[in-house]
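Participant: Submitted below is the structure of interest, expressed as C-alpha cells.
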Amino acid sequence: MAEHVKRFGKEKPIIGCLHLRALPGTPMWDRNYTIEQHIDDLRKEAQILMELGFDGAVFANEWDYPYVENIGPGALAAYTHIVSTVSRDLNIPFGVGIMNDPISAISVAKAVGATFCRGFFCGAQVGNYGPIVKTPGEIFRYAKTIGADDIGVYTSFEPHNGSPLDTRTFDEIAASLYKDVPVAGYSLNGPKKGQPLNESNIARCKKNNPNIPISFNNGANPQNIKEMLQYCDMVVVGTALKKDHYLYNPIDYDNAKEFIAAAKA
C-alpha cells in the first residue's frame, strides 16, 4: 500500500481513461482519421481531466476490438507515437493499457515514462477473443530485462467477455496471486447488476487482504463511486465520463465534472 500511495501521491487516486481511436490495421480503423487529428482529440480530453482535478490518466486502445495477443508493429508504432506526444502535456501520473498484450504495454510504459500499466498479466481464459493465456513468469522476466520492474502493474484476472480456464474460486486465486506474482495490485470489475456493493469481488478481496491495492476497473459511476471508495484504492473510469455515457464517444466535460465531484465529495 505504501508503494501504491507513493506512486500516485494520493491514497485513492481517480484515474480517467483516455481511449485511443482505432489504430492502423485494426478492423475499426478509419484511414481518413489522421494521426494529427488523433493527437489533437486526445489532448482536448486530457485537458478536461487535468482541469477538473483527476489524479491520473490511462491510455487504452479500447477501439482495437476484437483484441489480439500481439498488437502488431503498425498499431504499436502509432500507439507509442500518440501516447508519447499527448503525455508531454500531462501534469498528472499516467499509465498504459494495451488490451491482451502485456509485453507491448510494459515496453511502451518504459519508453514513454508511464507510472503504471493495467491489463491481463496472468491467468487463462477463453471467450470472444479466443483462448488467452498469460504466463507471468515470462512477462515479469521481460520487464526486468528492460529495467521496467519499477512500473506498477495492476493486473486483471477476471475474464473479459469470456470464461476462466482456472477452476479455482475467485477467493483462492486472489489469495495466491499476490504472493506468487510481483504485481502492484489487482484491477477488478465492479459489482454485478443488482448486487450490493459490499458483496462485490472488490469488497471481498479487500476484506480478505486489506494490504493488496485494488483498482476499481469497470462500472464506476456517480451513483456508486462514493460507497465503492470504501473498498478500493484506485478508480479507473471511462464510460461514465463519455458523451451520452457511451464508451466509444469522447469525454464530455459535464459528465466528467459530475463524476469527479461525486468521487471527491
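Participant: Being assigned to a helix (DSSP H, G or I), buried (at least 16 other Cβ atoms within 10 Å of the Cβ) and of a type outside the set (Ser, Thr, Tyr) narrows it down to one of ILE103, ILE92, so name that one.
Facilitator: ILE103
Participant: Still on this structure: At pLDDT 95 or above, among the acidic types (Asp, Glu) and in contact with a Lys or Arg (Cβ under 7 Å, 6 or more places away or on another chain): does that describe ASP55?
Facilitator: Answer is yes for this residue.
Participant: Same structure, new question: Out of everything in the stretch 245-265 that is among the charged types (D, E, K, R) and surrounded by 15 or more Cβ atoms within 10 Å (Cβ to Cβ), what residue ends up being farthest from MET228 (Cα to Cα)?
Facilitator: ASP252
Participant: Here is a follow-up. Give the residues of the stretch 148-169 that are out of contact with any helix residue (DSSP H, G or I) (no Cβ under 7 Å at 6 or more places or on another chain) and either within 21 Å of ALA109 (Cα to Cα) or not in a loop (DSSP other than H, G, I, E, B) (or both), sorted by residue number.
Facilitator: ASP150, VAL153, TYR154, THR155, SER156, GLY162, SER163, PRO164
Participant: I'd like the residue in the stretch 203-215 that is at pLDDT below 95 and among the hydrophobic types (A, V, I, L, M, F, W, C) and, out of all such residues, is surrounded by the fewest Cβ atoms within 10 Å (Cβ to Cβ).
Facilitator: Top of the filtered list is ILE212.
Participant: Can you name every residue in the stretch 73-89 that is crowded, with 16+ Cβ neighbours inside 10 Å and either of a type in the set (A, V, I, L, M) or under 26 Å from GLY162 (Cβ atoms) (or both)?
Facilitator: ALA75, LEU76, ALA78, TYR79, ILE82, VAL83, VAL86
Residue-wise test of (1) within 19 Å of ILE71 (Cα to Cα); (2) free of Cβ contacts under 8 Å to residues at least 24 places away in the same chain; (3) charged (D, E, K, R).
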position	(1), (2), (3)
SER104	yes, no, no
LYS110	yes, no, yes
GLY113	no, no, no
PHE157	no, no, no
ALA174	no, no, no
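Residue by residue, here is whether (1) modelled with pLDDT of 95 or more; (2) more than 30 Å from VAL86 (Cα to Cα); (3) under 20 Å from the mean Cα position of the chain (by Cα) holds:
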| position | (1), (2), (3) |
| --- | --- |
| SER104 | yes, no, yes |
| GLY137 | yes, yes, no |
| ILE151 | yes, no, yes |
| PRO164 | no, yes, yes |
| SER200 | no, yes, yes |
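Participant: Follow-up. Run GLY123 past the list (1) of a type outside the set (Val, Ile, Thr); (2) at pLDDT below 95; (3) out of contact with any Phe, Trp or Tyr (no Cβ under 8 Å at 6 or more places or on another chain) and report the number of the one that doesn't hold.
Facilitator: Evaluating GLY123 over (1) of a type outside the set (Val, Ile, Thr); (2) at pLDDT below 95; (3) out of contact with any Phe, Trp or Tyr (no Cβ under 8 Å at 6 or more places or on another chain) leaves (3) as the failure.
Residue-by-condition table, conditions (1) in a helix (DSSP H, G or I); (2) of a type in the set (Val, Ile, Thr); (3) at negative phi:
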residue	(1), (2), (3)
GLY25	no, no, no
TRP29	no, no, yes
TYR33	no, no, yes
GLN47	yes, no, yes
GLU51	yes, no, yes
ALA57	no, no, yes
TRP63	yes, no, yes
VAL68	no, yes, yes
HIS81	yes, no, yes
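Participant: Okay, next question. Could you tell me which residue of the stretch 199-251 is nearest to ASP64 (Cα to Cα), considering only residues that are in contact with a Pro (Cβ under 8 Å, 6 or more places away or on another chain) and outside any helix (DSSP H, G or I)?
Facilitator: Taking the candidates together, the pick is LYS242.
Participant: Is it the case, given these coordinates, that PRO27 is in contact (Cβ under 8 Å) with a residue 24 or more places away in the chain and over 27 Å from ILE146 (Cα atoms)?
Facilitator: Answer is yes for this residue.
Listed here are the residues, each with its yes/no results for (1) touching a residue at least 60 places away in the same chain (Cβ under 8 Å); (2) under 24 Å from PHE120 (Cβ atoms); (3) touching an Asp or Glu at 6+ places or on another chain (Cβ under 9 Å); (4) aliphatic (A, V, I, L, M).
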| position | (1), (2), (3), (4) |
| --- | --- |
| LEU188 | no, yes, yes, yes |
| PRO191 | no, yes, yes, no |
| LEU197 | no, no, yes, yes |
| ASN201 | no, yes, yes, no |
| CYS205 | no, yes, yes, no |
| ASN208 | no, yes, yes, no |
| PRO213 | yes, yes, yes, no |
| GLY219 | no, yes, no, no |
| GLU227 | no, no, no, no |
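Participant: Checking the condition touching a residue at least 12 places away in the same chain (Cβ under 8 Å) and under 17 Å from the mean Cα position of the chain (by Cα), which residue from GLU3, GLU45, GLU11 passes?
Facilitator: Exactly one of GLU3, GLU45, GLU11 is touching a residue at least 12 places away in the same chain (Cβ under 8 Å) and under 17 Å from the mean Cα position of the chain (by Cα), namely GLU45.
The values are calculated or read from the model by the stated rules, or taken from the named source; none is laboratory data. This structure is a prediction, so every number in the text was calculated from the model and none was measured. Neighbour counts run over all protein chains shown; Cβ positions are idealised from the backbone, glycine included.
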